Amino acid sequence: MGLDLPPSPRRLVFRRVVQQIRDDPLIRRAVRTILAWDGKPDDARQLTIAQAPGLRITPTFGPDTWAFPDAQRGWMFLAVEMLVPGYDAGDMMDLWWALERALYPPDGAARMAFQRDLREVGLPQGLAGAYTGLIEFSQPIADDSPSDQHQHAVGQLRIEMLLNLNTCGGSGPAPASARR
């Protein structure tokens, strides 16, 4: 059940990031479960060892500041929860690296296309999207108390957003200043 509202730039960028992660061949091969608040009941449940290796990606955001008279900039944060069986810290580091590679593909053309998608995902609705298309790994994963034959860690990504305010729900093109 969803609200009868047009999609926000944050929602569009979040869904594109999740798609990038889910479509990555290394992630698909190594990860059994990816939860990303799609509206399924499992999204709200704790990751279990039966779902491991597993990821849960949770969006939040911080304060915005003025970028232009008709647009604001602000950070969207993505908490990345990982559940990995066993006690080998290398497994957790390797999964984090696979996530980094999924979001910054080695193929330069694919990497540039993904960053462009993040910047332009809302342009058809006049909404803009990610300001630069770059994703920062702002909080590395950490699990200071592994237990029950698994490691359960949380890290954080952040994406700077550009939010057009002059669209009143998404009609009309974005201003030239939003098309960087």
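Mean Kyte-Doolittle of at least -0.5 and a Cα length of 15 Å or more along the axis: which whole DSSP H helices of the chain meet both? Sorted by number, the helices that extend far enough and score high enough are 89-103. Treating each Cα of the chain as an identical point scatterer and summing with the Debye formula, the log10 of I(q)/I(0) at q = 0.08, 0.11, 0.17, 0.20 Å⁻¹ comes to -0.27, -0.51, -1.07, -1.33. About the centre of its Cα atoms, the range 4-102 shows a dipole size close to 200 debye [charges on the beta carbon of Lys, Arg (+1) and Asp, Glu (-1) only; nearest 20 debye]. Spin-label pair ASP144-ASP70: with each label point 7 Å from Cα along the Cα-Cβ axis, the two points sit 4.8 nm from one another. Excluding PHE137 itself, calculate the net charge of residues whose Cβ lies under 11 Å from the Cβ of PHE137, where each Lys or Arg counts +1 and each Asp or Glu counts -1. Here the charged neighbours net out to -1.
Which value, in debye to the nearest 20, gives the size of the charge dipole of the chain about its Cα centre, when Lys and Arg are +1 and Asp and Glu are -1 at the Cβ?
Numbers: 19 positive and 21 negative charges, 129 e Å.
Approximately 620 debye in magnitude.
Estimated from the Cβ-Cβ distance and a Förster radius of 22 angstrom, the FRET efficiency linking ALA109 and PHE137 is about 0.50.
Between ASP91 and ARG116, what length comes free when the chain is fully extended (0.36 nm per residue of separation minus the Cα-Cα distance, one decimal in nm)?
Working: separation 25, 0.36 × 25 = 9.00 nm, distance 3.11 nm.
Value of the extension gain: 5.9 nm.
Between the residues GLY155, THR60, ASN166, the greatest Cα displacement towards the positive end of the dipole of the chain, with unit charges on the Cβ of Lys, Arg, Asp and Glu, is found for ASN166.
No value in this document is a laboratory result; all are computed from the given coordinates. Note that the coordinates shown come from a computational prediction; the quantities given were computed from them, not determined experimentally. As a convention, Cβ positions derive from the backbone with ideal geometry for all residues, glycine included, and neighbour counts pool all protein chains shown.
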